[in-house]
Protein chains: 2
Amino acid sequence: MSAQWWEGERLDERRARAAWSALAEPGDLVAGALVASLGPVDALALVGVAARGGLHEAWAQVVGPGPDADGSSRSRDPRVERSVRRWAARFADLDVDADLGALAELGGMFVVPHDDAWPRGLDALGLAAPFGIWLRGAANLGVALHRAVALVGARASTSYGERVALELAAGVVDAGACVVSGGAYGIDAAAHRGALGRGGRTVVVLAGGVDRAYPAGNARMFEAVVGEGGALLAEVPPGRTPTKSRFLQRNRLIAAAASATVVVEAAWRSGAMSTAHHAARLLRPVGAVPGPVTSVASAGCHRLLREGSAVCVTDAAEVMDLAGLVGRDLADEPVVDARRGDELDPESARVLDALPRRTGADVAAVAARAGVTAYEAEAALGLLELRGLAARSGSGWRWLSASNGSGR
Amino acid sequence: MSAQWWEGERLDERRARAAWSALAEPGDLVAGALVASLGPVDALALVGVAARGGLHEAWAQVVGPGPDADGSSRSRDPRVERSVRRWAARFADLDVDADLGALAELGGMFVVPHDDAWPRGLDALGLAAPFGIWLRGAANLGVALHRAVALVGARASTSYGERVALELAAGVVDAGACVVSGGAYGIDAAAHRGALGRGGRTVVVLAGGVDRAYPAGNARMFEAVVGEGGALLAEVPPGRTPTKSRFLQRNRLIAAAASATVVVEAAWRSGAMSTAHHAARLLRPVGAVPGPVTSVASAGCHRLLREGSAVCVTDAAEVMDLAGLVGRDLADEPVVDARRGDELDPESARVLDALPRRTGADVAAVAARAGVTAYEAEAALGLLELRGLAARSGSGWRWLSASNGSGR
């Protein structure tokens with residue numbers, strides 16, 4: 001098998017990035033630094049030479065003389081050396097064209113920085129940014145993710161959490177934004193279904209290849225996501241399996257792709273919590289949905305709220321407000337009927353309180369009970385009468401119920 | 001009837017304060033300022049003279065020449081004049097000895113500042129502090145309230161909220177502190193019952209007189225509170241009815257009496273929210289218990305959390321921590337079993353991920369799958385074997401389940 005494609009050939013940048021996404025594990029900062037410093041093509045050449053020859057030869061050929069005039073100080077950096085050996089060990093199995101071909105067969109595309117489809121939010125990851133995105137679905141992913149909210153949460157969700165995730169996702173797409181989440185059962189799936197149920201767009205960020213429906217039970221949902229103009233994306237090539245470390249690194253992509261991350265339900269320690277912390281590190285807003293304190297599925301959300309790491313969000317308007325994707329007006333205070341007498345001056349309010357409900361009372365009695373002078377009581381009673389809150393009753397006054405008052 | 005007790009008599013400070021608590025409505029800042037400036041005895045004399053004669057005569061007799069050398073500027077302050085007229089209107093019905101006698105018959109005591117039983121927390125109210133406290137129960141109220149948490153909430157509570165209030169109250173008294181709340185149905189009652197259920201102390205702050213069981217359905221509970229060493233307290237004399245404004249002012253007493261206020265359930269606008277705002281104004285910590293976002297009974301709590309006015313609290317340890325009544329150690333993070341492999345270095349964790357579950361795989365295959373060198377894989381496998389996480393399988397290695405591993 002092996003690296004015949006490599007013999008005598010320098011890859012273009014896109015294919016070099018595809019190769020890097022196969023060689024280095026997601027989030028590998030040493031790979032990120034090397035690619036940033038040499039460019040993906042030369043960095044890949046370094047690994048290729050190292051795979052066939054020695055590390056010293058690789059440095060000499062690709063990097064040339066280093067800052068110490070003989071390159072030795074750079075070639076001896078133990079962290080880089082160790083990493084290059086690691087990538088070189090995988091080099092023999094590398095087949096970029098097969099990976100790109102597998103994606104093309106699925107109708108997908110490999111997206112790299114500066115492509116229109118590239119989600120600009122990922123750039124905030126710096127050296128931890130993916131080398132490229134293996135994408136199925138929305139060719140205009142970059143545009144879609146310009147207005148996007150991550151709704152994440154536990155696999156071990158409750159029906160309460162799933163219902164909230166569904167409703168928040170529906171509200172997010174109704175507000176013209178895109179949902180982002182993982183592909184797991186529970187909250188992730190409920191969020192995607194909520195978006196799909198409104199004909200909205202949603203993006204599934206996978207830990208394995210985009211050809212791998214993981215978990216398999218969500219395969220049909222993934223197809224629906226692609227069919228509705230959403231997308232499946234991954235930073236590892238097709239065919240790769242999700243591993244624990246890939247799941248953890250996948251979370252940074254979710255956080256970086258969206259304008260804000262909302263945790264719907266999460267245990268005290270969980271992947272959703274890691275996504276929230278990634279978002280916080282990226283200085284993106286983080287929201288948490290509260291739930292019953294008796295529910296362990298909400299413990300992570302409450303922890304975020306308690307630590308001040310997240311803002312309490314209870315509906316889609318608050319989510320959009322958090323993400324800064326709409327003006328504050330969508331998250332207005334709920335309309336509450338002004339209570340009877342709320343807008344009264346203090347004396348009138350006390351007089352209203354002091355009025356008997358059934359029989360009438362004279363002004364002096366009302367004044368004494370309210371703790372105001374008779375003059376103040378008279379003035380207040382006139383005001384209350386005008387507002388339909390008090391009525392004359394014989395020689396005295398009585399309280400008027402709202403239903404009576406509204407009939408006036 | 002009337003003010004015969006007054007003729008020719010100067011009341012002692014305690015009786016003068018009792019008189020003021022009958023004359024002025026709770027929270028009357030003008031009364032507070034007058035009493036603070038003249039002392040309760042002279043301030044009462046001012047009202048007594050005003051009730052029988054004119055306001056000008058009252059000022060001349062009691063206050064004497066004011067800052068303008070003729071007292072005119074003070075006597076003409078319209079706000080004070082209006083207030084004195086108001087108190088004077090109530091003066092005729094004042095009967096301090098009858099009020100104190102009614103309390104004594106109930107076995108209660110009237111507590112004033114500098115008494116041992118005086119709750120020092122109330123002093124933070126400044127001019128809005130009550131003139132005295134009409135108290136039934138705990139003679140050592142001041143000591144009891146030295147460690148106290150207010151648990152407040154909606155009358156229209158849910159069974160969820162009541163359960164949480166019960167459990168928080170039980171936890172608060174278990175931690176050696178006292179519960180404070182109003183006397184309403186719903187969360188207030190659940191909090192008191194939770195404390196009583198553990199044989200703990202709880203304090204009911206009433207809006208009407210301490211002889212008035214309001215609501216009547218809680219009468220037996222109020223007696224149990226007194227019987228268990230707790231207390232009923234009010235700032236209006238026995239016999240007085242609770243009014244809307246007295247309920248609102250009562251909330252400031254709850255907030256001031258406790259070291260912290262926790263809202264268990266509250267609608268968007270409610271008395272419990274007013275208590276929380278009083279506590280915040282007094283710079284006392286405020287906690288809010290989250291609940292389902294679908295529950296209007298939790299909307300007020302979520303509002304407090306969202307606005308950053310309250311800290312999210314989910315159990316009694318967090319409540320005590322909020323109140324600063326224990327060291328932080330009681331609100332430790334829940335004990336979570338360290339997950340398998342969580343404490344491993346990154347390479348070993350990846351090797352653990354890469355191990356096949358059933359059949360063995362040789363070191364090179366494991367290394368390639370994990371993305372590490374063969375040397376690193378060998379080192380990691382040795383470590384994992386020592387920890388019972390990996391086992392040799394033929395010439396290769398396989399993953400070891402926790403149950404197998406623990407049997408070693």
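The values are calculated or read from the model by the stated rules, or taken from the named source; none is laboratory data. Being a predicted model, the structure only gives us computed values, none of them experimental. Reconstructed Cβ throughout: ideal geometry from the backbone, glycine too, with neighbour counts over all protein chains shown. SASA here: full protein model, heavy atoms, side chains in, ligands and nucleic acids out. Shrake-Rupley method; radii C 1.70, N 1.55, O 1.52, S 1.80 Å.
Of all residues in the range B:156-169, those that are away from chain A (no Cβ under 13 Å), open to solvent by 10 Å² or more (accessible area, probe 1.4 Å) and at pLDDT 95 or above total 1. Among residues of the range A:369-390 that are basic (K, R), those with a Cβ under 9 angstrom from a residue that is open to solvent by 50 Å² or more (accessible area, probe 1.4 Å), sequence gap 6+ or separate chain, pair up as A:R387/A:R340.
Taken over the range A:254-295, the criterion of being among the basic types (K, R) and surrounded by 23 or more Cβ atoms within 10 Å (Cβ to Cβ) is satisfied by no residue.
Of all strands (runs of 3 or more DSSP E) completely enclosed by the range A:133-224, which ones contain at least 3 residues that are under 24 Å from A:H302 (Cα atoms)? So that I can check it myself, show each step before the final result.
Details: elements: A:133-137, A:148-153, A:178-181, A:202-205.
Once the strands (runs of 3 or more DSSP E) in the range A:133-224 are filtered for at least 3 residues that are under 24 Å from A:H302 (Cα atoms), what remains is A:148-153, A:178-181.
Farther than 21 Å from A:E25 by Cα and not in a strand (DSSP E or B): does that describe A:A117? The answer is yes for A:A117.
Only one entry in A:V293, A:V286, A:V319 is facing chain B (nearest Cβ under 7 Å) and of a type in the set (A, V, I, L, M, F, W, C), namely A:V293. Within the range A:3-40, which residues are at pLDDT below 90, assigned to a helix (DSSP H, G or I) and either within 14 Å of chain B (Cβ to nearest Cβ) or open to solvent by less than 20 Å² (accessible area, probe 1.4 Å) (or both)? Residue satisfying the conditions is A:A3 alone. Note on the range B:306-316: residues that are buried (at least 23 other Cβ atoms within 10 Å of the Cβ), within 26 Å of B:L125 (Cβ to Cβ) and within 7 Å of chain A (Cβ to nearest Cβ) total 0.
All conditions in (1) closer than 21 Å to B:P26 by Cβ; (2) surrounded by fewer than 24 Cβ atoms within 10 Å (Cβ to Cβ) hold for B:R198, with the sole exception of (1). One residue stands out in the range B:201-215 among those that are at pLDDT 95 or above and small (G, A, S): the one that is surrounded by the fewest Cβ atoms within 10 Å (Cβ to Cβ), namely B:G208.
Residues of the range A:99-112 that are more than 12 Å from A:R136 (Cα to Cα) and in contact with a Gly (Cβ under 9 Å, 6 or more places away or on another chain): A:D99, A:V112. Of all residues in the range B:60-90, those being modelled with pLDDT under 90, in contact with a helix residue (DSSP H, G or I) (Cβ under 6 Å, 6 or more places away or on another chain) and open to solvent by less than 20 Å² (accessible area, probe 1.4 Å) number 3.
For the range A:276-309, enumerate the residues that are of a type outside the set (D, E, K, R) and assigned to a loop (DSSP other than H, G, I, E, B).
Residues of the range A:276-309 that are of a type outside the set (D, E, K, R), as a first pass: A:276-280, A:282-283, A:285-302, A:304-305, A:308-309.
Passing the criteria: A:L282, A:L283, A:P285, A:V289, A:P290, A:G291, A:P292, A:V293, A:T294, A:S295, A:G308, A:S309.
Report yes if some residue within the range A:91-111 is more than 29 Å from B:E378 (Cβ to Cβ) and within 22 Å of the chain's Cα centre (by Cα); otherwise report no. Taking every residue of the range A:91-111 in turn, at least one turns out to be more than 29 Å from B:E378 (Cβ to Cβ) and within 22 Å of the chain's Cα centre (by Cα).
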